[in-house]
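Comments concern the structure below.
The values are calculated or read from the model by the stated rules, or taken from the named source; none is laboratory data. None of the values given here were measured: they were computed from a predicted structure. Positions of Cβ are backbone-derived with ideal geometry, glycine not excepted, and every protein chain shown enters the neighbour counts.
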């Protein structure tokens with residue numbers, strides 16, 4: 001870990017300061033985990049939440065949604081595929097494999113929870129960590145309900161939207177563990193910009209909902225007998241496109257506002273990441289629409305939706321940081337001086353040293 005040693009390395013804490021620890025934790029092995037190690041667990045938890053959304057799309061585009069026609073069993077009297085000829089073998093294999101991935105997601109979520117609890121992290125992180133295994137259980141039940149209702153379009157849409165919420169929460173956990181367990185969080189952008197970012201997040205949510213409606217009216221139902229949403233696809237696609245244009249406009253406005261107020265470099269970098277992901281996702285959507293919604297692009301588009309959600313969640317998390325109490329005065333002084341030094345990012349050393357610490361450089365890499 002270089003100069004970080006056993007300290008909790010994070011972007012806003014100088015290397016000479018260590019994050020608070022809780023001496024009452026009764027999990028020595030977990031408590032010894034460094035912050036980078038904790039982040040590996042939370043990264044896997046976030047990745048699996050997004051991954052099962054993508055495999056769910058694969059189930060849908062292959063028409064395998066009822067490969068296991070009941071729940072929690074696969075077939076009446078059997079938890080596994082039976083080889084019956086009433087359902088093609090490949091549909092049984094695809095749907096059953098997707099159900100088995102739920103256990104992988106659950107293990108990753110529980111592992112992240114145990115790491116956060118064992119390390120004695122702050123209450124906010126514990127809430128995020130608890131939300132993942134609990135949310136995974138909710139998703140499993142919702143998936144079963146979706147099967148039992150014969151893949152009714154609104155249950156499928158809700159199933160995907162819950163996945164994006166879990167991705168958001170997992171990213172908040174992943175970004176949060178990199179920061180120290182200081183008692184207070186500090187906003188590193190102007191208050192109105194947080195409001196603009198919140199509005200952009202709401203717009204993104206509406207964009208995701210509109211996307212699920214387009215899918216609900218489209219050709220990939222998960223089963224040939226499933227009833228589709230009886231609304232004009234061009235009309236829904238137009239709504240989806242209009243929301244995308246509005247979302248892009250909000251992001252562009254946010255960028256210029258960040259530049260005008262000398263927003264932190266970390267926030268601006270994440271803005272560029274988000275914009276690249278959104279543009280790529282929009283391009284996939286356009287190609288998808290004009291090529292007749294090919295199966296492979298449906299799965300790619302769902303992956304893109306999760307990527308946009310993750311990038312937006314990261315941007316949101318970057319606008320508030322936790323620092324040691326000894327750094328608060330320096331942050332206030334730095335914030336006051338930013339208007340006199342436009343373009344300069346928030347200094348993790350509270351304005352006393354503009355050079356990045358070795359710990360900050362390590363996280364940046």
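Only a single criterion out of (1) closer than 26 Å to residue 47 by Cβ; (2) assigned to a helix (DSSP H, G or I); (3) touching a residue at least 12 places away in the same chain (Cβ under 8 Å) is not satisfied by residue 194, namely (1). Just one of the listed residues (179, 124, 172, 139) is in contact (Cβ under 8 Å) with a residue 24 or more places away in the chain, outside any helix (DSSP H, G or I) and within 21 Å of the chain's Cα centre (by Cα), and it is 179.
For (1) modelled with pLDDT of 90 or more; (2) in contact with a helix residue (DSSP H, G or I) (Cβ under 8 Å, 6 or more places away or on another chain), each residue gets a yes or a no:
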residue	(1), (2)
284	yes, yes
305	yes, yes
319	yes, yes
323	no, yes
326	no, no
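Might you let me know whether segment 187-198 holds any residue that is within 18 Å of the chain's Cα centre (by Cα) and at pLDDT 95 or above? Looking through segment 187-198, at least one residue is within 18 Å of the chain's Cα centre (by Cα) and at pLDDT 95 or above.
One line per residue, one yes/no per condition, for (1) surrounded by fewer than 18 Cβ atoms within 10 Å (Cβ to Cβ); (2) over 18 Å from residue 275 (Cβ atoms); (3) in contact (Cβ under 8 Å) with a residue 60 or more places away in the chain; (4) in contact with a helix residue (DSSP H, G or I) (Cβ under 8 Å, 6 or more places away or on another chain):
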| position | (1), (2), (3), (4) |
| --- | --- |
| 200 | no, no, yes, yes |
| 216 | no, yes, yes, yes |
| 232 | yes, yes, no, yes |
| 235 | yes, yes, no, no |
| 240 | no, yes, no, yes |
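Pairing each residue of segment 278-298 that is at positive phi with any residue that is in a helix (DSSP H, G or I) and exposed (fewer than 12 other Cβ atoms within 10 Å of the Cβ), provided the two are 6+ apart or on different chains, yields no C-beta distance under 6 Å.
Check whether at least one residue in segment 122-137 is over 24 Å from residue 183 (Cβ atoms), modelled with pLDDT of 95 or more and surrounded by fewer than 17 Cβ atoms within 10 Å (Cβ to Cβ), and report yes or no.
yes
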